Structures are given as C-alpha cells and as structure tokens.
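Engineer: I am attaching a structure below and will ask some questions about it afterwards.
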Amino acid sequence: MNRIISILLLLAVLTGLFGISRLNTKLVEKRRVLGITQADPRINAPPLVVFTTVALGGFRGIIADMLWMRSSRLQYEGKYFELVQLADWITKLEPRFTDVWAYHAWNLAYNISVLFTEPVDRWRWVRHGISLLRDEGAVYNPEEARLLFELGWFYQHKIGGNSDDAHMYYKQAWASEMQSLWGGERPDYAALSNDPIRLQSVLRDYKLDPVVMQEIERVHGPLDWRMPQAHAIYWATQSKKVGGDIDVVFAERMIYQSLTDAFRRGRLFTGVQGDRFIPSPHLEILPFVIKSYENAIANPAERGTAMTGYQNFLQEAVILLYLYNREAEANQLLEKLKTVQPEVPKNINLTEFVFQAFTNRGADLNQDQAFASVESALYQSLMWREMGDDERAAGYEQLGRLVWSRYMEPRLDKKDMRERTGLPPLSEIQERARQRLTESISSRP
C-alpha cells in the first residue's frame, strides 16, 4: 500500500511540475509583452540551464535564494571550496543573477587561489575566475557593465598589481599565452582578418574583437597586448559602452589608471634570446595618457580623483622623460605641471626639479616607479658613456644604483616582500636599458 501511495505522490509531483512549466511559459510570455521581464535566461544557455528554467519555472528563484543564504554562511565559515559548487548551482538556476557571477569569480581568483603555495596552482584558479566571467557570466549578461568591469579589474589588480605573492608568475603566464596568440606585442590586424581560423579562436576563446582592439589603440595609443594593462583597458571600454553614468565614471577611471601603469611598465622586454621577462616603461603612449586624464578631469563627477592622479603622473613623467634624454618633452610637461599643481615653484628649472625629486625618492617608491627610475638612470648612464662623457655616465649609474639600493634595502632580509615587490638584479635592468638605447639609436634618421 505504501509503495502505491509513493508512486501516486510521485506522479502528482511530476504532474504538478509539468503544469507549472506550462503556466510559467505563459507567464514569461505575458511579462515579455508587458516589458516587465529580464532577458530570457534560456538565451545562450547550455541544456542544463534550459532544463531547470522550464522544469522549475518560478521556483528557480526560491531555490536560488535558499542556496544564496547557504553560500553566505559558507563564506562566513571560510569554506571556499564548498562555495564553488554551490555558486555553480545558483548560476545554473539564475544565470541573470549577476551578483553571483561576480562573487563566484572573485572567490575563485582571490579566496581559493591564495590557499595554494605554488604559483602554478594559484594561476590555475585565477585563470578559472577570469574564464568564468568572460566565457559564461558576460555571455549570459552581455549588457551588464558591472561584470565587464569586474573582468577588467582582474587584469588591472590581480595580474597587473603586486598584492599577490605570485603576481610575477601571473604576468609571465599571461604574456606567454598572448605571445603565442599574437606572435609579438601587437596583433598583425591585416593578417588576422585574413586568417579565419585564428580570428575565430581570438573571438571564441578570448572574446577579443580585433575591431575593438584597433579602435582602442587609435584612441589610447599602441599597446603591448601581452601585458595585463591592455586587457584591463579593453574590458573597461566594453563596460563603458553598455553602462550608465556611474559605470562610465568607473570605467574611465580604470582606463586612465591602466594607461598610467602601462606608461610605467607596459612594454615587455624579452631579450635577444627571448628568455627574459622585464616589463619596462612604454614612453610612446605619453600623449594618450595625458589625453585620458584631461578627458576625465572634464567630467565633474571625476574631476577631484582624476586631478590628483594627473598631478602625480606628470611628476613621474617629467623625471622619466628627462632621464631618457627627452628634455624638450620633459620641459613642456614641467610647465604643464606648474599650471595644475601650485606647490611646484614657478621658477624651478628641469634639472633642479629632477634632482630635487630624486632626493625624496627611494624607499617610498612603489615597485613600478622604482623600476622605471632605475632603468631610466642606467639608460642615461649608457647614453652619456656612448657620447664619451664618462664622468656624467658614472653619475647616472651611481644614481640608478642608489635608487635600487634604497628601494631594495628593506626587502633584502624579507623573502616574501622581496619576491612580491622586489626589483630584478641591476644587471638585468641594465640589459634592458642597453636594448632600449640600441633601439633608440637605430630608429634615428
């Protein structure tokens, strides 16, 4: 008897689910006509999502809410691995629930990755978080500016920054992947457009549109697409296209911040044998960085934040241009700095400004600033030695060594700090400076 009752109850449940799914289809259509529904969750969805959408109907939201409450508890308890499966279920039930996509990807890239000690294991989880947002979350929600911004943030902060002990491994792994894809620092767009197989791979596997990439380079300058800054700019640009006013502000901020980072260390040097990995300044994008800041300052909602960043950037740029023997540009920039930062004396000349700045630099520099300062000083040293002025060359070499020593001094006895924010050996930085000088000489008319 109990077995018969169980069978009858099961049939009743299945009949109910069938009826609900039929009713849900009508309700979805009615809401679509009235314009009060979100995009159909079945669009671009795999079979499992379509099945749960049709079979569970309106109950999907209730189940998802229950799972979301459970996930909050797991987060509080630090059970991040359990969260992976739970979040995956929620996204299958509610693929338009953008908060879950953002949190799920963050959990993978930030919470779970740091539970591992080996960089290769950490990178696997960081890469998984990026893929989740790019290949699933953003595909289901192509008009969701927040998800596109979060994707850009992973490139800007997780890969491009230095908060993670394994950040240099991430940079090298991503650069190697992009090197294989492009064959150099930038795609050959003409060849790519004539190679449908490669083009399909770029579009399908990386969601990168070469047309958008070319437009970004037209607006923001020639970028090295092996570096994370270029990809942060790409996804911020995509976020800006579909976002509202506040989304545009955040996207613009990511763009000028990433351009600043690219100016500092946005060009990759791999050495003659291709066995080096030394990110270094990308001086060619200077006018594009300035333009980006000026556009941001023109927006009242961003003026204060952008102006502070602009002032700091101009100070750094003046010093780098001077040390790379681009004194005319450095002088122009110094005059521009005087107009936007009243604290800079009106009568100070370029040489005084640079050497005064260097007396206050060293231990307080961040990693990118320290590297750029050391490399540019060594560049000047090599240049003046080439010109026969050994005394001046020795002075710049001493300056580069001084900045390197002052920056590295608090890191020498702290392995974790040295590995995360330290500089390459002086010999490697000098090799990069020598290669840059060779390129500069060969490009002269």
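Engineer: Would you pick out the residues in the stretch 84-98 that are over 26 Å from LEU115 (Cβ atoms) and either surrounded by fewer than 21 Cβ atoms within 10 Å (Cβ to Cβ) or among the small types (Gly, Ala, Ser) (or both)?
Structural biologist: ARG96
Engineer: Which of (1) of a type in the set (A, V, I, L, M, F, W, C); (2) in a helix (DSSP H, G or I); (3) in contact with a helix residue (DSSP H, G or I) (Cβ under 8 Å, 6 or more places away or on another chain); (4) modelled with pLDDT under 85 is the odd one out, the single condition PHE355 does not satisfy?
Structural biologist: Every listed condition holds for PHE355 apart from (3).
Engineer: Return the residues of the stretch 321-341 that are within 27 Å of ARG385 (Cα to Cα) and aliphatic (A, V, I, L, M); say none if nothing qualifies.
Structural biologist: Hits for the stretch 321-341 are LEU321, LEU323, ALA328, ALA330, LEU333, LEU334.
Engineer: Would you confirm, using the coordinates I've provided, whether GLU136 is open to solvent by 20 Å² or more (accessible area, probe 1.4 Å), among the charged types (D, E, K, R), in a helix (DSSP H, G or I) and in contact (Cβ under 8 Å) with a residue 24 or more places away in the chain?
Structural biologist: Considered against the rule, which asks whether it is open to solvent by 20 Å² or more (accessible area, probe 1.4 Å), among the charged types (D, E, K, R), in a helix (DSSP H, G or I) and in contact (Cβ under 8 Å) with a residue 24 or more places away in the chain, GLU136 comes out as yes.
Engineer: Moving on to the next point. Determine whether GLY221 is open to solvent by 20 Å² or more (accessible area, probe 1.4 Å), touching a Phe, Trp or Tyr at 6+ places or on another chain (Cβ under 8 Å) and not acidic (Asp, Glu).
Structural biologist: No; evaluated as a whole, the condition is false for this residue.
Engineer: What do you reckon, is ILE246 at pLDDT below 95, assigned to a helix (DSSP H, G or I) and of a type outside the set (Gly, Ala, Ser)?
Structural biologist: Yes: the conditions hold for ILE246.
Engineer: Sticking with this structure for a sec: Check the stretch 277-297 and report whether any residue there is touching a residue at least 60 places away in the same chain (Cβ under 8 Å), open to solvent by 10 Å² or more (accessible area, probe 1.4 Å) and over 18 Å from PRO222 (Cβ atoms).
Structural biologist: The answer is yes; a qualifying residue exists.
Engineer: OK, next. Kindly indicate which of LEU314, LEU323, LEU268 is under 25 Å from ARG392 (Cβ atoms) and either surrounded by 15 or more Cβ atoms within 10 Å (Cβ to Cβ) or among the hydroxyl-bearing types (Ser, Thr, Tyr) (or both).
Structural biologist: LEU323
Engineer: While we're on this one: Only residues in the stretch 206-220 that are among the hydroxyl-bearing types (Ser, Thr, Tyr) count as the first member; pair them with residues that are not in a helix (DSSP H, G or I), Cβ under 8 angstrom, at least 6 apart or cross-chain, and list the lot.
Structural biologist: Short answer, once both residue conditions are applied: none.
The rows are residues; the columns are (1) of a type in the set (Phe, Trp, Tyr); (2) in a helix (DSSP H, G or I).
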{"residue": "GLU284", "(1), (2)": "no, yes"}
{"residue": "VAL289", "(1), (2)": "no, yes"}
{"residue": "TYR293", "(1), (2)": "yes, yes"}
{"residue": "ALA301", "(1), (2)": "no, no"}
{"residue": "GLY304", "(1), (2)": "no, yes"}
{"residue": "GLY309", "(1), (2)": "no, yes"}
{"residue": "GLU316", "(1), (2)": "no, yes"}
{"residue": "ILE319", "(1), (2)": "no, yes"}
{"residue": "ASN325", "(1), (2)": "no, no"}
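Engineer: With respect to ALA173, is the statement that it is more than 13 Å from the chain's Cα centre (by Cα) and either open to solvent by 10 Å² or more (accessible area, probe 1.4 Å) or free of Cβ contacts under 8 Å to residues at least 60 places away in the same chain (or both) true?
Structural biologist: Here the answer is yes, as ALA173 does meet what is asked.
Engineer: Also, quick follow-up: Within the bounds of the stretch 61-77, is there any residue that is β-branched (Val, Ile, Thr) and at pLDDT 70 or above?
Structural biologist: No, the stretch 61-77 has no match at all.
Engineer: Of the residues in the stretch 393-423, how many are free of Cβ contacts under 8 Å to residues at least 60 places away in the same chain, outside any loop (DSSP other than H, G, I, E, B) and open to solvent by 30 Å² or more (accessible area, probe 1.4 Å)?
Structural biologist: 14
Engineer: Moving to a separate point now. Considering only residues that are modelled with pLDDT of 85 or more and more than 27 Å from PRO119 (Cβ to Cβ), which ones fall in the stretch 404-417?
Structural biologist: Within the stretch 404-417, just SER405 meets the criteria.
Engineer: Condition first: open to solvent by less than 30 Å² (accessible area, probe 1.4 Å) and either without any contact (Cβ under 8 Å) to a residue 40 or more places away in the chain or in a loop (DSSP other than H, G, I, E, B) (or both). Can you find one or more residues in the stretch 368-380 that meet it?
Structural biologist: no
Engineer: For residues that are closer than 19 Å to ASP275 by Cβ and acidic (Asp, Glu), tally how many sit in the stretch 173-189.
Structural biologist: 2
The values are calculated or read from the model by the stated rules, or taken from the named source; none is laboratory data. What you see is a predicted model, and the numbers here were worked out from it, not measured in a lab. Counting neighbours? That spans all protein chains shown, and the Cβs are built from the backbone with ideal geometry, glycine included. Keep in mind that these areas ignore ligands, DNA and RNA; they rest on the heavy atoms of the full protein, side chains included. Shrake-Rupley method; radii C 1.70, N 1.55, O 1.52, S 1.80 Å.
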